[in-house]
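Q: Take this structure first; my questions come after.
The values are calculated or read from the model by the stated rules, or taken from the named source; none is laboratory data. The structure displayed is predicted, hence computed values, not measured ones. Neighbour counts are summed over all protein chains in view; Cβ atoms, including those assigned to glycine, are modelled from backbone coordinates with ideal geometry. Surface areas here come from the heavy atoms of the whole protein model, side chains and all, with no ligands, DNA or RNA. Shrake-Rupley method; radii C 1.70, N 1.55, O 1.52, S 1.80 Å.
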Amino acid sequence: SNFVLGNAQVPSAFPVVYCSDGFCDLTGFSRAEVMQRCCACSFLYGPDTSELLRQQLRRALDEHRAFKGELILYRKSGVPFWCLLDVVPIKNEKDEVALFLVSHKDITSTKSRSGADSTKDRGRRWRFRRAGGKGFNASRRRSRAVLYHLSGHLQKQRKSKHKLRKGVFGDKPSLPEYKVAAIRKPPLILLHYGAFKAGWDGLILLATLYVAVTVPYSVCVGAGTEEGLPAARGPPSACDLCVEILFMLDIVLNFRTTFVSKSGQVVLEPRAIACHYLAGWFPVDLVAALPFDLLAACQVNVYVGAHLLKTVRLLRLLRLLPNLDRYSQYSAVVLALLMVVFALLAHWVACGWFFLGQREVEGSPTALPEIGWLQELARRLETPYYLARRNCSAGGAGNGTGPEANCSGSGGLLGGPSLRSAYITSLYFALSSLTSVGFGNVSANTDTEKIFSICTMLVGALMHAVVFGNVTAIIQRLYARRFLYHSRTRDLRDYIRIHRIPQPLKRRILEYFQSTWAANNGIDTAELLQSLPEELRADIALHLHKELLQLPLFGGASRGCLRALSLGVRPAFCTPGELLIRRGDALQALYFLRSGSMEVLRDGIVLAILGKGDLIGCDLGGSPRTRRARADVRGLTYCALQ
């Protein structure tokens, strides 16, 4: 169909918003030459175009009504033709005329026919008009079908936008933990994102890791025996006392630390902070902060098994899980944390393995143990277990002259490997079981040890998949840019080979790719910033291009103008020997040389040498006609331009 669509919402102008291919073929004008011109197509008028029909057509457009007529129009080549013109107003859902459908049909062949018989001529004209009317009806139906699909597409777009707005402004999600806005806080209230709180959390992290190492060791290994004698619990160390003090102070600070509510607001009220903490981590922190070591240091009698309650402090490790999301983007930090987790698990398994072997030994205090990993270790180290004999004497009572009797009995097991050798062997078994199936030199002999070994291997298989799988992913992420570079280079070489690009052009392609990659590391800035709002993109562009926008050329520009200009700045690169501008070409842009050197040539004569801070292009003053380059501009070094 030969038609154009005009925007009826713009009075007097009625610009063309759509142009069919048939109209371009009929008139000889390209789509770019037709767009935004009046839909009355006054550019097709000529000397023989009826002035009366011109005025009628213009009046019909102004009054938003239909029009139909026959008039002479001119193609782009100047050839006239008779055209049957039909204007149909199209209304929207508000019963307002939104568009004009202007159809054109070439009727020159019919108009040029002439016959002797006027009746035949009238009949011929009547048949033509019927055929023309049918053609118009078909054209109108096709055009309306196009508009129908377009309107349906626009309705879908409106629905999707409505859903998007509903999702964005309906249920507001919780904001991130960190806030950067200045907040007026009451006195003695700590901000959860402040520097002091960050340092304190780091100190608590170290204390928690210390607890994760020492508590299982003191419960499992420290409760054992050394040389067959019960290991007396000595006084607590200074580190243990400091950890308990830190945990108690942490409880006090948590009652005065802000938090983010579900609505995304920073809560500053002390009462709300206390209620939130009491309903959250307070029970765990309270049990973890019970001062067993402080009471022992003050010589207060504590239940002998109370130190077992210190294992509850391991629950403080759960408090570290929400904080790990902050560091998930740092590959080195995640790798270190995974290694720490694996080392802690191996330490815990080693403590359990030692505790199990010690219980096997102590299970038969009056007889030498036969099997068990501790017994095997004692034989290899040539420090076997043996039964100690003890002598006792008893005197008579009463007058003090009773007979003296000697008695002998079993004094328990002595000997065995030292505590240091036993723990190191346990740790060796734990690591070999978690990372593989073990080497067999430290093996499970009793049923209890075999069950423990099976559980350790199952946990080891899971940890091997989690830890080392993540390690592999992290290492791949570290080399992702290098892999992308080699992949792009390989694609370029394949492209060059398939299309048989000559060697000089191949060298220029690869050299340009390598120089641009070195400048931006393969990051597509436009794609990266596309998801950001325009206001934020403008601020980023102002920062990136401030050196360019501070030139005297833009001295009189307002900040709004500079923001608009900054969004239009694009990076460019030029390699040595590459032509940036060729003489005679139309200038498409102004270039600002950020780094490198370039030369301006005309007929092989160097006119100028350009360096950092120079502008390349033309004077902005004068008429807005297209400017042609009067010289060549070629790179002398690797040049970065804007």
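Q: Residues I474, I496, I523: which one is closer than 30 Å to L337 by Cβ and touching a helix residue (DSSP H, G or I) at 6+ places or on another chain (Cβ under 6 Å)?
A: Every option except I474 fails the conditions.
Q: Checking the condition farther than 23 Å from G199 by Cα and modelled with pLDDT under 70, which residue from V349, V302 passes?
A: Matching residue, one of V349, V302: V302.
Q: Still on this structure, I have one more. Looking at (1) under 30 Å from L580 (Cα atoms); (2) under 32 Å from the mean Cα position of the chain (by Cα); (3) open to solvent by 50 Å² or more (accessible area, probe 1.4 Å), which is the only condition H464 fails?
A: Of (1) under 30 Å from L580 (Cα atoms); (2) under 32 Å from the mean Cα position of the chain (by Cα); (3) open to solvent by 50 Å² or more (accessible area, probe 1.4 Å), only one is false for H464: (1).
Q: Which numbered condition in (1) closer than 21 Å to F573 by Cα; (2) open to solvent by 70 Å² or more (accessible area, probe 1.4 Å) is the only one that L484 fails?
A: Here L484 meets the rest and fails (2).
Q: Does any residue in the range 567-584 that is at positive phi come within less than 8 Å, Cβ to Cβ, of a residue that is assigned to a loop (DSSP other than H, G, I, E, B) six or more places away or on a different chain, and which pairs are these?
A: G584/A629
Q: Could you count how many residues in the range 510-520 are open to solvent by less than 50 Å² (accessible area, probe 1.4 Å) and closer than 16 Å to R493 by Cβ?
A: Within the range 510-520, residues that are open to solvent by less than 50 Å² (accessible area, probe 1.4 Å) and closer than 16 Å to R493 by Cβ number 4.
Q: Please tell me if I496 is open to solvent by less than 100 Å² (accessible area, probe 1.4 Å) and closer than 30 Å to V333 by Cβ.
A: The answer is no for I496.
Q: Only residues that are closer than 27 Å to R628 by Cβ, touching a strand residue (DSSP E or B) at 6+ places or on another chain (Cβ under 8 Å) and either of a type in the set (S, T, Y) or open to solvent by 50 Å² or more (accessible area, probe 1.4 Å) (or both): list them for the range 535-572, please.
A: Those that are closer than 27 Å to R628 by Cβ, touching a strand residue (DSSP E or B) at 6+ places or on another chain (Cβ under 8 Å) and either of a type in the set (S, T, Y) or open to solvent by 50 Å² or more (accessible area, probe 1.4 Å) (or both): L553, P571.
Q: Hey, another quick one. Can you tell me how many residues in the range 54-80 are touching a Leu at 6+ places or on another chain (Cβ under 6 Å), in contact (Cβ under 8 Å) with a residue 24 or more places away in the chain and hydrophobic (A, V, I, L, M, F, W, C)?
A: 1
Q: Among the numbered criteria (1) of a type outside the set (A, V, I, L, M); (2) in contact (Cβ under 8 Å) with a residue 24 or more places away in the chain; (3) open to solvent by less than 80 Å² (accessible area, probe 1.4 Å), which one does D614 miss?
A: Of (1) of a type outside the set (A, V, I, L, M); (2) in contact (Cβ under 8 Å) with a residue 24 or more places away in the chain; (3) open to solvent by less than 80 Å² (accessible area, probe 1.4 Å), only one is false for D614: (2).
Q: Would you mind stating whether V340 is open to solvent by 50 Å² or more (accessible area, probe 1.4 Å) and modelled with pLDDT of 60 or more?
A: So V340 passes the test.
Q: Can I ask one more? Can you confirm whether L587 is more than 24 Å from L636 (Cβ to Cβ) and at pLDDT 85 or above?
A: So L587 fails the test.
Q: Could you check the range 610-642 and list, in sequence order, the residues that are among the polar types (S, T, N, Q) and either modelled with pLDDT under 85 or in a strand (DSSP E or B) (or both)?
A: Step one: list which residues in the range 610-642 are among the polar types (S, T, N, Q), which gives 623, 626, 637, 642.
Of everything in the range 610-642, those that are among the polar types (S, T, N, Q) and either modelled with pLDDT under 85 or in a strand (DSSP E or B) (or both) turn out to be S623, T626.
Q: Does L587 fit the bill of being in contact with a Lys or Arg (Cβ under 7 Å, 6 or more places away or on another chain), open to solvent by less than 50 Å² (accessible area, probe 1.4 Å) and either farther than 18 Å from S515 by Cβ or without any contact (Cβ under 8 Å) to a residue 40 or more places away in the chain (or both)? Give the steps one after another, and end with the answer.
A: Values: in contact with a Lys or Arg (Cβ under 7 Å, 6 or more places away or on another chain): yes; open to solvent by less than 50 Å² (accessible area, probe 1.4 Å): yes; either farther than 18 Å from S515 by Cβ or without any contact (Cβ under 8 Å) to a residue 40 or more places away in the chain (or both): yes.
The answer is yes for L587.
Q: Here's another thing I want to ask about it. Working only within the range 189-200, note down all residues that are under 26 Å from the mean Cα position of the chain (by Cα) and either surrounded by 15 or more Cβ atoms within 10 Å (Cβ to Cβ) or charged (D, E, K, R) (or both).
A: H192, Y193 - these are the residues of the range 189-200 that are under 26 Å from the mean Cα position of the chain (by Cα) and either surrounded by 15 or more Cβ atoms within 10 Å (Cβ to Cβ) or charged (D, E, K, R) (or both).
Q: Right, next: Quick one: is L544 under 29 Å from Q514 (Cα atoms) and touching a Lys or Arg at 6+ places or on another chain (Cβ under 6 Å)? Walk me through it before giving the result.
A: Details: under 29 Å from Q514 (Cα atoms): yes; touching a Lys or Arg at 6+ places or on another chain (Cβ under 6 Å): no.
Taking the combined requirement at face value, the residue does not satisfy it.
Q: Also: Just checking, how many residues over the range 6-19 are within 43 Å of the chain's Cα centre (by Cα), at pLDDT 80 or above and within 11 Å of V102 (Cβ to Cβ)?
A: 2
Q: Write out, first by first residue and then by second, each pair whose Cβ atoms fall under 8 Å of each other, whose residues are 6+ apart or on separate chains, and whose first residue, in the range 190-219, is without any contact (Cβ under 8 Å) to a residue 40 or more places away in the chain while the second is of a type in the set (V, I, T).
A: Y210/V243
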